[in-house]
Structures are given as C-alpha cells and as structure tokens.
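*Asks:* The structure under discussion is supplied below as structure tokens; questions concerning it will follow.
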Amino acid sequence: MTATLMVCPKCSAQQKADEPLHGVLEVINNKVIGKDFDVFDFLPVEKEFFPAIPVGNTPLWESPKLRNFLGLKNLYIKDEGTEPTGSFKDRASYLVAAFAKKHGIKEITLASTGNAGSSMCGVGAAADLKITLFLPKTAPQAKMCQALQYGARLILVDGNYDNAYDLSMEFSKKSGSMSRNTAFNPLTIEGKKTVSLEIFKQLGGRSPDVVFVPVGDGVIISGVYKGFRDLKEKGLISKVPVIYCAQSNKSDAINRAFVKGHFENIPTNTIADSICVDIPRNGYLALKNMKDHAGRTVTVSDEEILMAQHELSKMSGLFTEPAGATAYAGLKKALEKNELDKNACIVVLTTGSGLKDAATALKGVTPPQKPIKSLNELV
Ligand SMILES: *Cc1c(COP(=O)(O)O)cnc(C)c1O
C-alpha cells in the first residue's frame, strides 16, 4: 500500500502546504448491528488481526467529590491515561497495526507531537512492526523515552510538528512504508471512534448529552463524532451529543475557523504540547462535524489549563496531562458561562496520563523549597 492511496486523489489535488488536509476519507460500515454489539463489529478489520495489547475499555469515572464540587450530578470522566502507552492515541494505533497485519505491511512511519508516536511504537512493538517516528526536538522527554524503550527508530526534527509531518511524508514515500499520520490515514479517525461506542455501553446503552474533547489536529473529535454518528446510523441512539471542541487560546485554529469560516496559519505555543498545532490536519472534517451536529467551541488560557489540571487531580485523584486538562478547563468555562444544564449527562475526555509531561505539571504546583534534615526546619 502506498502513501498516495490514503486521501481522495481528486480533492487532495488542490492541497496547499499551509492548509488542513483536503480529501480525508471515512470508513463505511454496512453491517447490521444490534444493541449488544462487540466494539469490533464496528471496525473494518477482523478481531483476529489485532495485536495482543489491551487497548480500550478505559474506565468511566464517577467521582462523587468532583460532582459535589461542581454541582453536576451526572458528570463522568472518560480517562484515557490508562491506555497501554498512556494516551488516547492507542485506539488509532491499534486499528492501524491490525490493518498492517492483515495486509502484510511491515513498516510504518509517522510524525507526532509525542503521544501518537509513543503509541504507535508501543502498539507496533506488540504487533511486531518496524516503526520510524519523527518528533520535534522539543517533545517531552517521557514521550521520546517511550519510543526508544519500545525499540523504534526515533528521528528528532530541528523544527516543530508541522516540519516533522512534512519530513515523515517525504520519508514514507521514499521508503514505501505506510504512513500513520493523523487524519491522512483514515484509520486513525476510525480507530478513535471506539471511545464513543464504549461510552454508550458504559452508560448502559445510551449516549451522553454533552462531551468535552481536547482538540489539536481535530482527529479525536472527528473520531468521537464518527462513533456517535455510527450509533445513530444503526438506530441505537436518536441524537449525536453536543460536543465541545476545547482548545488552548494559544492553539485554537479550529475554534477560530468555526467562527471566522476559514483557517489561518498562526504560530502556536501552548504548554499543552499534545494540542499545539499550527495547521490542524483534520480541520475541515472536524469543522464539518461540528457544523452538522450543533457542536460548540470553548477556548481556555494556559493558566486555566494548569489550574484545571491541579484541581482535577485534587478533586478526583485523576492526574491527566495538560491536553487532557484542557477538556476539564473547558467544562469549567462552559459552567461559568451558564451554558450547561446541571442535570445533563456530561462526559469529559481526559486524553493522556499526567506522567507524560511531569515538567509542565510541576508548573501548576508549588514544590517544597529545600530538603530538610530535621523537623525544626519546617515553617
Ligand atoms: C493527540 C492528543 C489530543 C488531540 O487530538 P487531535 O486529534 O490532535 O485533535 C488531545 N490530547 C492528547 C493527550 C493527545 O495526545
């Protein structure tokens, strides 16, 4: 399979370098599926090809302390920090790896801000695939370390994610390896939709009213939409939930385009590295989904993200990375603005483990000033 077969050739012919991807494809599912489905029924690769690594089935938290604190009786947190490599990206890597196994593909290339990379390296190790990863040199250490631990080839790029993306595309063409670049490979969206199917099951066969999703490239949010759209198409839910696109005000390309109607290329630098994206690769599809299903936007500052991260940790015992905390910060802001019905069933998606980027998380707390030898030194 060559890289050029991934997007619609006609739509992508008009592609410019500084725009989101044109011609992103979606997977169609013609199966008849009932209420007691297996999540694999909704996927385009048979169960037997998936590698032996426990992706998905993440917990849906019901924290009484947090619910009381916020006055939200039906608040849930879907925590993706418990995925095998510590982030939501495993859902995409899992399907990409299964597809590779089924079709005899042995090598996969990708660019990443960190999590997609460490994820593909980990899932790829389980699936016995050769992974080449392009990361910006500024990626958090834990994410680089994971890639190396999993035995992948790690190439650091002297530039940002967008530069890494371009180099990885060039490399996959040259090497003939399959690209797992987010959005470009439609299986990334398809794999990510499994979160919605799981939420439906965990809520006892219904969809929530509202979901908060942290957004960078717009693939997770499109996956979340795809899952609920599939459930609706199969007649299992009557309505796609209201989905909030939560972004940092230092990286808010999709939210700006939602208001302005077009994408602008503005340099980004949020502390939430996983959602720090100049050109959101899946911008067009994310916007289409948001427009079609009455999606909403919420934008928060880096300070609000750090405060939200610490608050969520203290209030629930769930420590998520800054990108995940952006969804919780978005919930707080929507509450402040009185946009939410307090009885609504609300799900906040925390997309990665807090341990992924301890250096940033330390900025949101006060570390002890100096080590002591005696209790007399305590003030
Ligand atoms: C990738 C990622 C996101 C954003 O997903 P996009 O598909 O880029 O919008 C959010 N949180 C975490 C932890 C991620 O790794």
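Coordinate-derived values only; no laboratory data. It should be emphasised that the depicted structure is a prediction, and the values quoted were computed from it without experimental measurement. Virtual Cβ from ideal backbone geometry, glycine too; neighbours counted across all protein chains shown.
*Asks:* Take the residues in the stretch 311-358 that are farther than 22 Å from Phe200 by Cα and in contact with a Lys or Arg (Cβ under 7 Å, 6 or more places away or on another chain), then tell me which one is surrounded by the fewest Cβ atoms within 10 Å (Cβ to Cβ).
*Replies:* Among those residues, the one meeting the criterion is Met315.
*Asks:* Restricting to the stretch 269-290, and then to whatever is within 12 Å of the ligand (Cβ to nearest atom) and of a type in the set (Val, Ile, Thr), can you tell me which residue is farthest from Glu19 (Cα to Cα)?
*Replies:* So the residue we want is Thr270.
*Asks:* Got a sec? Which strands (runs of 3 or more DSSP E) wholly within the stretch 109-216 have at least 2 residues that are within 12 Å of the ligand (Cβ to nearest atom)?
*Replies:* 210-214
*Asks:* Still on this structure, please answer the following. Just to be sure before I move on: is Asn338 in a helix (DSSP H, G or I), out of contact with any strand residue (DSSP E or B) (no Cβ under 9 Å at 6 or more places or on another chain) and over 30 Å from Asp90 (Cβ atoms) in the structure I sent?
*Replies:* Considered against the rule, which asks whether it is in a helix (DSSP H, G or I), out of contact with any strand residue (DSSP E or B) (no Cβ under 9 Å at 6 or more places or on another chain) and over 30 Å from Asp90 (Cβ atoms), Asn338 comes out as no.
*Asks:* If I ask for residues that are more than 25 Å from Ala358 (Cβ to Cβ), assigned to a loop (DSSP other than H, G, I, E, B) and β-branched (Val, Ile, Thr), which ones from the stretch 83-106 would you list?
*Replies:* Ile105, the sole residue that qualifies.
*Asks:* Hey, another quick one. Which condition from (1) closer than 29 Å to Lys342 by Cα; (2) out of contact with any strand residue (DSSP E or B) (no Cβ under 7 Å at 6 or more places or on another chain) is the one that Phe263 breaks?
*Replies:* (1)
*Asks:* Out of Phe40, Phe50, which single residue is without any contact (Cβ under 8 Å) to a residue 24 or more places away in the chain, touching a helix residue (DSSP H, G or I) at 6+ places or on another chain (Cβ under 7 Å) and closer than 30 Å to Ser172 by Cα?
*Replies:* Checking each option against the conditions leaves just Phe40.
*Asks:* Could I ask something else about it? Could you check the stretch 225-254 and list, in sequence order, the residues that are within 14 Å of the chain's Cα centre (by Cα), in a helix (DSSP H, G or I) and within 15 Å of Pro280 (Cβ to Cβ)?
*Replies:* Tyr225
*Asks:* Moving on to the next point. Take the residues of the stretch 55-82 that are of a type in the set (Phe, Trp, Tyr) and part of a strand (DSSP E or B): which is nearest to Val219 (Cα to Cα)?
*Replies:* Filtering the stretch 55-82 for residues that are of a type in the set (Phe, Trp, Tyr) and part of a strand (DSSP E or B), the one nearest to Val219 (Cα to Cα) comes out as Tyr76.
*Asks:* Name the single residue, out of those in the stretch 231-288 being in contact with a Phe, Trp or Tyr (Cβ under 7 Å, 6 or more places away or on another chain) and among the small types (Gly, Ala, Ser), that is nearest to Ala327 (Cα to Cα).
*Replies:* Ala246
*Asks:* Has the stretch 325-347 got any residue that is polar (S, T, N, Q) and closer than 27 Å to Ala139 by Cα?
*Replies:* Yes, there is a match, as at least one residue in the stretch 325-347 is polar (S, T, N, Q) and closer than 27 Å to Ala139 by Cα.
*Asks:* So, one more: Among the charged types (D, E, K, R), in contact with a Gly (Cβ under 9 Å, 6 or more places away or on another chain) and surrounded by fewer than 24 Cβ atoms within 10 Å (Cβ to Cβ): is that true of Lys234 in this structure?
*Replies:* When the stated conditions are applied, Lys234 passes them.
*Asks:* Looking at Ile266 and the list (1) more than 30 Å from Ala98 (Cβ to Cβ); (2) among the hydrophobic types (A, V, I, L, M, F, W, C); (3) assigned to a helix (DSSP H, G or I), which single condition is not satisfied?
*Replies:* For Ile266, the failing item is (3).
*Asks:* List the residue pairs whose Cβ atoms are under 6 Å apart, where the first residue sits in the stretch 336-357 and is acidic (Asp, Glu), the second is surrounded by 24 or more Cβ atoms within 10 Å (Cβ to Cβ) and not in a strand (DSSP E or B), and the two are 6 or more positions apart or on different chains.
*Replies:* Listed by first residue and then by second, the contacts come to Asp357/Glu321.
A quick yes/no check of all residues on (1) of a type in the set (D, E, K, R); (2) surrounded by fewer than 18 Cβ atoms within 10 Å (Cβ to Cβ); (3) over 30 Å from Phe200 (Cα atoms); (4) in contact (Cβ under 8 Å) with a residue 40 or more places away in the chain:
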| position | (1), (2), (3), (4) |
| --- | --- |
| Gln14 | no, yes, yes, no |
| Leu60 | no, yes, no, yes |
| Leu66 | no, no, no, yes |
| Thr82 | no, yes, no, yes |
| Ser93 | no, no, no, yes |
| Ala98 | no, no, no, yes |
| Gly114 | no, no, no, yes |
